[in-house]
Amino acid sequence: MKVAIIGSGYVGLTTGVCLSFVGHEVTCLDVDPQRVATLRAGAAPFHEPHLGDMLRSVRLRYTTDYAEAIPSAEVIFIAVGTPSRGDGSPNLEYLEAAARSIGEHLGPAYSVVVNKSTVPIGSGNWVESIVRDAFRQKNQGQRPENFAVASNPEFLREGSAIHDSLFPDRVVIGADQQQALERLYSLYRPLLDQSFTPPRFLPRPDGFGAVPLISADLASAELIKYAANAFLALKISYINEIGQLANRVGADVQLVARGMGLDARIGTRFLQAGIGWGGSCFGKDTAALVSTAAEYQLEMPIVQAARKINSRQRELVVERLLGAMKLLKGKTVGLLGLAFKPNTDDLRDAPALDIARKLLERGARVRAHDPVALAAARSLHPDLGVTWCEAAEEVADEADALVLVTDWPDYRELDWAALATRMRHPLILDGRHFLDAARLRALGFQYLAV
Ligand code: NAD
Ligand code: UGA
């Protein structure tokens with residue numbers, strides 16, 4: 001099938017390579033000429049495991065030109081960003097621009113325009129009206145009879161995007177037209193049936209079978225995405241709230257999480273206590289859910305509480321350090337990890353940046369390292385006032401405390417004995433319950449957890 005994908009970010013590019021891998025003819029379009037040039041040169045524009053391998057295994061076309069991608073496409077995915085505005089509502093300007101450009105270039109054959117971006121409930125109808133109006137303006141009032149708008153929310157996680165797209169837990173499609181649902185069903189058939197041969201670098205997980213398909217109306221598909229993200233976010237906030245109580249009563253939150261999680265109704269995943277969630281989606285999507293509900297005069301106290309607990313976790317880092325060090329002014333704190341999670345260089349809503357700001361406000365000096373996100377941090381936040389360290393060991397130089405912010409596996413393997421000798425005071429605050437506390441204590445570290 002001929003597929004056009006608008007937006008070559010984490011979602012658009014991953015979708016593009018995976019659909020191409022299972023046999024579709026894919027054109028990826030982005031307004032950023034530099035990104036398109038990078039892709040044409042065969043390189044991945046961001047750090048994502050297996051993306052480079054996938055780019056080398058498939059044949060994609062890359063363009064900045066809607067006239068090249070849209071007229072012949074049978075399915076057109078919109079995968080542009082939908083970041084938060086200051087008031088929590090999503091900024092839909094990129095979505096609107098993409099929909100308008102699609103309308104201006106729509107061809108005569110039937111096509112399905114698919115919202116893959118996370119968009120507020122009702123966006124399907126809104127996108128349809130923009131595409132229709134743009135088509136009419138371009139075609140002297142003629143009506144575009146031959147298209148439908150569908151929703152196909154994306155559930156991939158950064159750091160395992162390719163794996164999640166080739167071996168998804170489910171595929172959700174939503175449309176008010178049967179023909180559109182059928183087209184998406186045909187498109188996804190190889191993934192649903194798992195009839196493709198997996199790449200040698202990413203074998204199919206043992207026992208992985210057919211993928212469930214949820215076929216829904218537009219509004220339900222749109223709400224499934226927000227409801228799923230908010231639930232994952234509140235699961236994390238719940239364990240963090242329990243963690244705070246565990247700390248007061250002398251309980252071990254990790255044991256509590258395990259004991260709870262082994263109940264199949266609860267599940268062990270997303271119960272890792274610590275600094276809390278960051279990234280481009282949980283914060284923005286929980287804010288958007290609250291904002292959408294407010295438009296319908298509805299409060300969402302559970303989601304709001306999850307958000308509040310998450311921001312409190314970041315404060316807690318500073319409180320714990322203050323409790324142990326008494327004073328932050330003039331002290332040096334080393335941050336291990338900048339990306340919002342391991343295996344990505346994404347810094348959107350990264351807790352490390354927030355924590356660095358809070359420490360700097362209190363007069364501390366901050367040194368920071370990340371195995372892949374350092375260059376991005378340096379170029380995106382040149383005025384933050386942080387000393388960027390090329391090697392993890394350097395964050396320990398003359399440091400009064402270290403904070404493990406991102407659970408990169410490399411950090412477990414550091415020569416912690418050597419790190420202790422570089423520090424003024426060997427204090428470590430483990431923000432992810434990730435390090436071997438007993439070993440660190442044996443090496444003379446004062447070990448704290450969030
Ligand atoms: P991103 O910022 O990585 O990529 C968006 C891309 O769209 C950019 O390359 C940008 O240049 C391009 N773009 C913007 N306006 C355009 C236009 N008018 N025409 C063509 N290209 C345009 O974003 P992302 O992280 O891939 O997220 C995209 C959407 O998917 C968001 O709604 C997000 O909430 C959702 N989502 C993201 C993830 C994730 O893990 N990142 C997972 C699920 C869903
Ligand atoms: C999340 C969802 O997991 C995806 O299903 C969804 O598609 C995506 O958002 C989206 O809509 O963008 P992502 O943000 O890439 O994916 O990464 P996660 O693995 O969910 O981690 C998010 C944050 O939560 C990270 O900062 C991570 O460190 C934190 N986290 C995760 C915890 O603090 N505890 C946990 O138990 C799990």
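The values are calculated or read from the model by the stated rules, or taken from the named source; none is laboratory data. Computed from a predicted model, the values in this text were never measured in an experiment. Here Cβ is always computed from backbone atoms with ideal geometry, including for glycine, and neighbour counts include all displayed protein chains. Please note that ligands, DNA and RNA were not included when accessible areas were found on the heavy atoms of the full protein model with its side chains. Shrake-Rupley method; radii C 1.70, N 1.55, O 1.52, S 1.80 Å.
Could you work out how far helix 282-295 tilts from the main Cα principal axis of the chain, as a 0 to 90 degree angle to the nearest 10?
Around 60 degrees separate the two axes.
Counting Lys and Arg as +1 and Asp and Glu as -1, each charge on the Cβ, what is the dipole of the chain about the Cα centre in debye, to the nearest 20?
I would put it at about 700 debye.
Given a Förster radius of 22 Å and the C-beta distance between Ala43 and Ser379 as r, what FRET efficiency does 1/(1 + (r/R0)^6) yield to the nearest 0.05?
Result of the calculation: an efficiency of 0.85.
Run the accessible area of the chain with a 1.4 Å probe and give the carbon-and-sulfur part as a rounded percent.
Answer for the chain: carbon and sulfur cover 51 percent of the accessible area.
Go ahead and run the numbers for FRET between Asp397 and Arg56, Cβ-Cβ distance against an R0 of 45 Å, rounding to 0.05.
So the FRET efficiency works out to roughly 0.70.
Which of rounded, prolate or oblate describes the stretch 128-225 when judged by the alpha-carbon gyration tensor and an a/c cut-off of 1.5?
The shape class here is prolate.
Pairs of alpha-carbon atoms within less than 8 angstrom and 6+ residues apart define the contacts here; what relative contact order does the stretch 2-211 have, in percent?
Relative contact order for the stretch 2-211 comes out at 19 percent.
Determine the gain in length on full extension of the stretch Met260-Lys329; use 0.36 nm per residue of separation and subtract their C-alpha separation, reporting nm with one decimal.
20.8 nm
Between Arg200 and Met1, how many nm apart are label points set 7 Å from Cα along the C-beta direction?
3.0 nm
Would you work out which of Pro108, Gly323, Val450 lies farthest towards the positive end of the dipole of the chain, given +1 charges on the beta-carbon of Lys and Arg and -1 on that of Asp and Glu, about the Cα centre?
Sorting the options by dipole projection puts first Gly323.
What is the dipole size for the stretch 2-211, taken about its Cα centre, with +1 at each Lys and Arg Cβ and -1 at each Asp and Glu Cβ, in debye to the nearest 20?
Roughly 360 debye, rounded to the nearest 20.
Under a point-charge model restricted to the Cβ atoms of Lys and Arg (+1) and Asp and Glu (-1), what is the dipole moment magnitude of the stretch 112-211 relative to its Cα centre, in debye to the nearest 20?
Taking the Cα centre of the stretch 112-211 as origin, the dipole is about 280 debye.
Mind giving me the FRET efficiency for Asp133 and Leu360? R0 is 51 Å, r the Cβ-Cβ distance, nearest 0.05 is fine.
With a Förster radius of 51 Å, E is 0.60.
Determine the per residue accessible area of the stretch 2-211 with all protein chains present and a 1.4 angstrom probe, expressed in square angstrom.
For the stretch 2-211, the per-residue accessible area is 42 Å².
Counting DSSP beta bridges with both partners in the chain, what percentage is antiparallel, nearest 5?
Antiparallel bridges make up about 5 percent of those DSSP assigns within the chain.
Apply the Kirkwood formula to the chain: the hydrodynamic radius equals the inverse of the mean of 1/r over all pairs of different alpha-carbon atoms; give it in Å with one decimal.
Here the Kirkwood hydrodynamic radius works out to 23.6 Å.
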